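No value in this document is a laboratory result; all are computed from the given coordinates. Predicted model, so just to flag it, every value in this text is computed and none were measured. Every residue, glycine among them, receives a Cβ derived from its backbone with ideal geometry; neighbour counts consider all protein chains shown.
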Amino acid sequence: MDRAFLNGEDGVGHLVLIRHGQQQWPDPDTSVTADWIDPPLSELGEQQAACTGTHLASETIDAVYSSQLARAHDTGRAVAGHHDLDVTVMRELEEIHIFRDLPQDQRASDVLGEEFMHGVRHNFVRTKRWDAYPGTESSLEFRRRVSAAIESILHRHPGQTVAVACHGGVINAYLAEVLGLSEDMFFRPVHASVHRLRFDVDRRVVGVLNEQHHLAAQALVSH
């Protein structure tokens with residue numbers, strides 16, 4: 001059992017996945033597709049990121065990575081600052097490219113039609129797969145990108161603890177690969193939540209999902 005779940009084994013590393021804090025949501029009535037790609041942290045999101053940084057301050061963290069998107073990078077900085085570390089940016093850790101192939105200066109509903117979009121949303125609710133969205137990075141592309149990025153990080157840090165500040169879709173995509181799940185979004189990570197895995201050369205073991213007690217204690221939980 002210890003070997004199966006990497007309990008008490010020598011040379012075991014720890015991966016700490018962190019969802020970014022809440023972003024500043026664009027106005028759905030006036031925004032276009034491009035406005036949803038890289039919004040900054042909201043005031044609440046900044047508080048959440050700081051809270052998670054403090055929560056992890058007493059732990060040994062050897063490296064911090066993030067996507068280049070502001071909400072993830074700033075969350076990574078809130079963690080790294082407690083450990084005198086810089087944040088290493090990897091573009092491959094960015095969120096799923098929804099509506100990537102549609103005009104970025106328009107709303108998807110204006111391009112596809114609101115009735116069609118109703119069907120698109122229904123299909124996502126039913127399947128929880130990104131392939132429900134037209135003009136979007138495919139589920140397979142996304143999983144391959146995310147898995148390759150995170151596996152490369154683990155390869156660089158054997159036996160160490162590494163934190164990765166990223167996105168809810170990224171966390172789901174990697175965990176779905178580890179667990180062999182078909183759904184791309186099988187759970188909803190809380191903003192600035194923590195998710196822990198143990199790893200060695202050839203094994204990845206899920207430990208904790210949606211660690212959020214530090215946020216709840218300060219009434220900072222949001223989705």
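Applying the condition of being free of Cβ contacts under 8 Å to residues at least 24 places away in the same chain and basic (Lys, Arg) to region 108-140 and asking which residue is nearest to Arg203 (Cα to Cα) yields Arg126.
Inside region 31-71, residues that are assigned to a helix (DSSP H, G or I) and either without any contact (Cβ under 8 Å) to a residue 40 or more places away in the chain or under 14 Å from Val16 (Cα atoms) (or both) make up a count of 8.
Taking the conditions (1) more than 25 Å from Asp200 (Cα to Cα); (2) assigned to a helix (DSSP H, G or I); (3) touching a residue at least 12 places away in the same chain (Cβ under 8 Å) in turn, Arg143 satisfies each one other than (1). If you check Ala173, Ala192 for being in a helix (DSSP H, G or I), within 23 Å of Ala70 (Cα to Cα) and in contact with a Lys or Arg (Cβ under 7 Å, 6 or more places away or on another chain), only one passes: Ala173.
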